[in-house]
Amino acid sequence: MDDYRRLADRIADDIAAGRLEPGQRLPPQRVFARRRGIAGSTAGRVYAELVRRGLVVGEVGRGTFVRAAPAGPGERALVEAATAAPVNLELNYPSAPGQSELLAPALAPLLRPDVLTEALRPAAADGTPAVREAAAALLATPGWRPAPGRLLFTGNARQAIAATLASLVRPGGRLGVEPLTYPLVKEIAARLGITLVPLTADEGGVRPESVAAVHRRAPLSALYLQPTLHNPTSLTASGERLRQLAAAVRALDIPVVEDRIWSFLTDDDPLAAHAPDLTHVVDGLSKRVAPGLTVGFVVVPEARLGAVAAAVRSGGWSAGRFAVDAAARWIADGTVQRLVAAKRADAARRQRIVGEELRGFAVRSDPRAYFAWWELPAPWRADTFTAAAAAHGIAVTPGPAFVVDPNRTPDAVRLGLASAAEPDLRRALRTLAGVVRGAP
């Protein structure tokens, strides 16, 4: 194992044992390097490894702090980190009442020996005609329906993102993203050697002129965007903004990866409806159904089917046949649609709780979303508030986790509303409101 990873493991052990507490500041890298007798560059790699594992958060000009809800000491794969906090507003997987009872009947036929033998075979990246038809119907919106022949399948939506980006952006290439972006995309980009370039955004989403301006300075290989219920701000781009973005990417011939993982909570059309020949739509079942048995979807421009399929295979990101067959059954028998309806109602109830318990604070969200972006009042900082929340047994995600430009770290946190029971959510939000009214 590399020396820097051994050092990171020791600090991870100190965090796990409580010798380093949430909110505690680590020494500056130059001081750490001097104490350990290592090069400054090695110290930088240690701190970067701790950030990658989700154990610490760094803010330019302020330092590096132990996170409130650290991940385990092992390396993370392309999954979200869990936490042992009693109330988890960091992990964000919705669950509907009676969900297991709804899902079980479709699995029973797959357990017959003759059917199971076939279901345990490897799945092709393009699935089967029946599965493609089912997925196309599931992803359709009032103004858009993907062609079934343009669908590919992966193990989950994160793998779909990784495969699509690997097919579009060479190592060293530039990927345009919103100024706040999905943290796992930051990790995927780091692993693929991709440079993330923040675009300019306003209340309507990414500004089309900023795409052209950034592309002029140095060419972009692609864009990664979340125009529907953007995570973490919940912003949804209007139809007019999507048409403007489509015109911009067509004029520049820039491909787009459109993340639609939360789109099941809305009926809004995708960017792909306006730029189908450039847009790769990524979606999945982890939020619609459950994270444990899921499938990722990629709707690919026809000319790029071979390239994305090859990336899926070479990355080892193919979907399991059992999961694909189960997903097709859940779609066909209406189970997914029933779960979606229940989760839409659940999200609306939880947003009402946010409105009641955090009234008067600067909270940005959408009545349909499962998360909220809380801009903290001065003098609170994201790290100190995250640590204070942890001291009350509540895990939240600090705003810097989503930031692309390290020189712009927001004093905000994302609240994931899906995983906690509603009474626990209300109690946690009430507690956090009391915390923020006090002094750091």
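The values are calculated or read from the model by the stated rules, or taken from the named source; none is laboratory data. Every value quoted in this text rests on a predicted model; they were computed, and no experiment measured them. Cβ sites come from the backbone with ideal geometry, for glycine too, and all protein chains shown count toward neighbours. Just the protein is used for accessible areas: all its heavy atoms, side chains included, with ligands, DNA and RNA removed. Shrake-Rupley method; radii C 1.70, N 1.55, O 1.52, S 1.80 Å.
Structure values in brief
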{"item": "Selected residue (criterion: least open to solvent (accessible area, probe 1.4 Å)) from residues of region 15-58 that are over 23 Å from Asp411 (Cα atoms) and touching a Leu at 6+ places or on another chain (Cβ under 6 Å)", "result": "Val46"}
{"item": "Criterion: touching a Ser or Thr at 6+ places or on another chain (Cβ under 6 Å) and open to solvent by less than 50 Å² (accessible area, probe 1.4 Å) - qualifying residue of Val308, Val281, Val299, Val249", "result": "Val308"}
{"item": "Residue count, region 200-218 (criterion: surrounded by 14 or more Cβ atoms within 10 Å (Cβ to Cβ) and not in a helix (DSSP H, G or I))", "result": "6"}
{"item": "Failed condition for Gly176, given (1) open to solvent by 20 Å² or more (accessible area, probe 1.4 Å); (2) within 21 Å of Pro276 (Cβ to Cβ); (3) not hydrophobic (A, V, I, L, M, F, W, C)", "result": "(1)"}
{"item": "Pairs, first at positive phi in region 190-214, second buried (at least 18 other Cβ atoms within 10 Å of the Cβ) and of a type in the set (A, V, I, L, M, F, W, C), C-beta under 9 Å, six or more apart", "result": "Gly193/Val169; Gly205/Leu225; Gly205/Leu235; Gly205/Ala237; Gly205/Leu242; Gly205/Leu245"}
{"item": "Matching residues, region 38-52, being at pLDDT 80 or above and more than 18 Å from Asp405 (Cα to Cα)", "result": "Ile38, Thr42, Ala43, Arg45, Val46, Glu49, Leu50"}
{"item": "Contacts under 6 angstrom Cβ, first residue in region 1-14 being among the hydroxyl-bearing types (Ser, Thr, Tyr), partner at pLDDT below 90, 6 or more apart", "result": "Tyr4/Thr42; Tyr4/Arg45; Tyr4/Val46"}
{"item": "Restricting region 235-246 to residues that are assigned to a loop (DSSP other than H, G, I, E, B) and open to solvent by 20 Å² or more (accessible area, probe 1.4 Å), the residue that is farthest from Ala290 (Cα to Cα)", "result": "Ser238"}
{"item": "Residue count for region 349-381, restricted to those that are exposed (fewer than 15 other Cβ atoms within 10 Å of the Cβ) and within 24 Å of Ala421 (Cβ to Cβ)", "result": "6"}
{"item": "Condition check for Ala388: touching a residue at least 24 places away in the same chain (Cβ under 8 Å) and in contact with a Gly (Cβ under 6 Å, 6 or more places away or on another chain)", "result": "no"}
{"item": "In region 15-52, residue nearest to the chain's Cα centre (by Cα) [restricted to those that are part of a helix (DSSP H, G or I) and β-branched (Val, Ile, Thr)]", "result": "Val51"}
{"item": "Exclusive hit being open to solvent by 50 Å² or more (accessible area, probe 1.4 Å), within 24 Å of Trp317 (Cα to Cα), modelled with pLDDT of 85 or more and within 25 Å of the chain's Cα centre (by Cα), set Ala130, Ala137", "result": "Ala137"}
{"item": "Residue that is farthest from Val57 (Cα to Cα), among those in region 1-14 that are crowded, with 18+ Cβ neighbours inside 10 Å and within 28 Å of the chain's Cα centre (by Cα)", "result": "Tyr4"}
{"item": "Residues (in a loop (DSSP other than H, G, I, E, B) and β-branched (Val, Ile, Thr)) located in region 247-267", "result": "Ile254, Ile261, Thr266"}
